[in-house]
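Heads up, the thing below is written out as structure tokens.
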Amino acid sequence: MIEKGGYIRDIFQKPVGTSVTAYGWVKTRRDSKGVHFIQLNDGSCFQDLQIVIDAGTLPEDVLSQATTGACLRVGGELVESPGAGQSVELKAREMHVYGPADPQTYPLQKKGHTMEFLREIAHLRTRSNTFGAVFRVRNALSFAIHKFFQERGFLYLNAPIITTSDAEGAGAMFGVTTLDLMNLPRTETGEIDYDRDFFGKKAGLTVSGQLEAEIFALAFSNVYTFGPTFRAENSNTPRHLAEFWMIEPEMAFYDLEDNRKLAEEFLKYIIAYVLDTCAADLELFNKRIDNTVLSTLVHVAGSDFEHVTYTEAIAILEKAGRAWEFPVHWGVDLQSEHERYLTEETFKKPVVVTDYPREIKAFYMRLNDDEKTVRAMDVLAPRIGEIIGGSQREERYDVLLNKIRAQGLPEEAYWWYLELRKYGTAPHAGFGLGLERMLMYVTGMKNIRDVIPSHPWLRRVLNRRKPHPMRALL
Ligand code: ATP
Ligand code: MN
């Protein structure tokens, strides 16, 4: 009876001479005279387990099926590895092939594939080195995010995904309806009659859990959400998705300064965690994707973030002497080119920009005494631009009501949001981090579509004859 070895990651920790069983998929196979070598990977770590098979040990019909892509169980004994890069290898005594993979048609070959090609085989790319690393780092980041907040006593909350508060202002919503689209009920004035819809109201997928997080912060003090978010914006950029995951902490009794410090501590913590636990995966990104990834992460984890006000940032940009694609003057929103200039040229590290003009920021941000700016903050990072957006919230009932009216928002839709200010209001602040943006930053991956478990059915969209709006998203 062969002892079950568990994950390949754990097999590497066992001493020479141990009998183990390994399970996994064949990365590559090499045959030389009298001996066969198989690189086996089960996704538990970057390193493949080398299987050594002396000719004649295994039945020919089994061995012939153990080609790239096949799924195997291999039993045998751990022996010292003469090869570089691994301590032990597995000398096979027994092998079972769960699923062969025809080498003539198996699409993942040893040669480097383009990201575009791999996107088309999203159901198999998870077995490649790069995507193995992406999803292990994604897992580690997610765990580090929970760990950070849990260690600080924050309450984890799941904000609703379907919502009827459609004026959150963060982006266009995907609608959710059970109405018959071929036969829409109309009101007397010809509009769609949402009274007859499932929720009796126009509903959609959430663009942010912030407003719900505020409810919870004003009862549990420190809370965070971590869940899916949807934006039907024209997201044909390498940094925007229609569906992404967002982390939104919200803290009572925090002002903008506290918020900024927490965001910095948080980013450094999760970066340090990944540096600590995913060294081999990060090496791969550094070697294959972007040779500045490791040095940037070490630098960011150990340096103090810069802080400038929006007004100071505009002054820097005006003095830059550049021909901006989007001209700069006080009042404009910062574009990617401006954000990158500040982080990459001026400060060469993450920069927190605070106190933006009220006109370009959401109604719920706290108005400063100058009545021109609000207590907003964006955390900008080299290579990628905005990674976190946040603010101190307007906790004063009258000021909030005035802002809702001034922006022409439907006052009645915010009755509950206003009541939070009427009954036991408190200063509070929070921010939002996009998980995939963070993952791009940590891995150096250039396209946000390469850090998500993209859907195999998108391939069919690609092959349609008529241009499809989703095509651009691939
Ligand atoms: P951007 O200006 O980059 O579109 P935003 O101002 O719309 O961002 P917020 O509404 O502040 O972003 O959302 C908070 C965070 O969520 C952003 O800093 C970013 O990390 C992430 N994020 C926003 N929109 C998307 C998207 N479409 N795809 C992936 N991540 C996103
Ligand atoms: Mn946006």
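Do we have Phe220 as in contact with a strand residue (DSSP E or B) (Cβ under 6 Å, 6 or more places away or on another chain) and surrounded by fewer than 21 Cβ atoms within 10 Å (Cβ to Cβ) here? Yes: the conditions hold for Phe220. Within the stretch 240-280, the only residue that satisfies the criterion of being closer than 19 Å to Val298 by Cα, within 14 Å of ligand 1 (Cβ to nearest atom) and β-branched (Val, Ile, Thr) is Ile270. A count restricted to the stretch 232-263 and to residues that are surrounded by fewer than 18 Cβ atoms within 10 Å (Cβ to Cβ) and closer than 21 Å to His307 by Cα stands at 4. The condition of being at pLDDT below 95, assigned by TED's automatic domain parsing to the domain that holds Pro238 and within 16 Å of ligand 2 (Cβ to nearest atom) does not hold for Gly390. With respect to Gly385, determine if the residue is surrounded by fewer than 20 Cβ atoms within 10 Å (Cβ to Cβ) and either without any contact (Cβ under 8 Å) to a residue 12 or more places away in the chain or under 31 Å from the mean Cα position of the chain (by Cα) (or both). It is false that Gly385 is surrounded by fewer than 20 Cβ atoms within 10 Å (Cβ to Cβ) and either without any contact (Cβ under 8 Å) to a residue 12 or more places away in the chain or under 31 Å from the mean Cα position of the chain (by Cα) (or both). What are the residues in the stretch 24-50 that are aromatic (Phe, Trp, Tyr) and either buried (at least 18 other Cβ atoms within 10 Å of the Cβ) or modelled with pLDDT under 95 (or both), if any? Listed by number, the residues that qualify are Trp25, Phe46.
Each row is one residue, and each column tells you yes or no for (1) among the basic types (Lys, Arg); (2) in a loop (DSSP other than H, G, I, E, B); (3) under 30 Å from Leu297 (Cα atoms).
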| position | (1), (2), (3) |
| --- | --- |
| Tyr356 | no, no, yes |
| Phe363 | no, yes, no |
| Glu371 | no, yes, no |
| Ala376 | no, no, yes |
| Ile388 | no, no, yes |
| Ser391 | no, no, yes |
| Val399 | no, no, no |
| Gly408 | no, yes, no |
| Leu418 | no, no, no |
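Residue check: Glu77 meets all listed conditions (1) at pLDDT below 95; (2) touching a Lys or Arg at 6+ places or on another chain (Cβ under 8 Å); (3) not aliphatic (A, V, I, L, M) but one, namely (1).
The values are calculated or read from the model by the stated rules, or taken from the named source; none is laboratory data. Note that the structure is a prediction, hence the values are computed from the model and not measured. Cβ coordinates were reconstructed from backbone atoms using ideal geometry, including for glycine residues, and neighbour counts include every protein chain displayed.
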